[in-house]
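Heads up: the structure comes next, in structure tokens.
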Amino acid sequence: MLAAVLAAALGLAACGEAGDAQSDAARLAPFSGMAVLPPSADADPDQLLGLSADDVAAKLGKPALVRRDGDAEVWQYRRVNCVLDLFLYGSRKQVEHVDLRDRGDANEAAVQACFQRMMETALDST
């Protein structure tokens, strides 16, 4: 009985080897003309450092809150699990400090994922 099972398995394996190249080509054919998708948004909020107010608005849209204090502005973006504060300074209003934090009890991974979704959502809307 064991010999019969082994013989059947070897027979099936041999059939698979002969058609591997053809089956791979047939399996991949529908995908050969597809466009390559861009990588997902970077989950590091430091990528926003040095951006001008116009660049930030183009990337993230309108902030939920803008606080002005002398020459400085704080732009706040909110999601369910995180809050992003961008501190813009100077005549060009460039981002010089970034503060990403949780809203409630979200862990670090959830906060990073929240920021990444924030960026991806902004990318999708442009």
Worksheet item: Out of the range 101-126, which residues are over 16 Å from the mean Cα position of the chain (by Cα) and either in a loop (DSSP other than H, G, I, E, B) or buried (at least 17 other Cβ atoms within 10 Å of the Cβ) (or both)?
Response: ARG103, GLY104, ASP105, ALA106, ASN107
Fill in: Residue in the range 57-92 that is modelled with the highest pLDDT, counting only those that are assigned to a loop (DSSP other than H, G, I, E, B) and among the basic types (Lys, Arg)
LYS62
Worksheet item: If you go through the range 51-93 one residue at a time, how many are touching a residue at least 40 places away in the same chain (Cβ under 8 Å) and surrounded by fewer than 13 Cβ atoms within 10 Å (Cβ to Cβ)?
Response: 2
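Taking the condition touching a residue at least 24 places away in the same chain (Cβ under 8 Å) and either within 20 Å of GLN116 (Cβ to Cβ) or of a type in the set (A, V, I, L, M) (or both), does LEU48 pass?
On the way: touching a residue at least 24 places away in the same chain (Cβ under 8 Å): yes; either within 20 Å of GLN116 (Cβ to Cβ) or of a type in the set (A, V, I, L, M) (or both): yes.
So LEU48 fits the description; yes.
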Worksheet entry | Residue in the range 83-98 that is over 19 Å from ASP54 (Cα atoms) and touching a helix residue (DSSP H, G or I) at 6+ places or on another chain (Cβ under 6 Å) present | no
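The values are calculated or read from the model by the stated rules, or taken from the named source; none is laboratory data. Here the structure is a predicted model, which is why all the values come from computation and not from measurement. For neighbour counting, all protein chains shown are included, and Cβ atoms are generated from backbone atoms with ideal geometry for every residue, glycine included.
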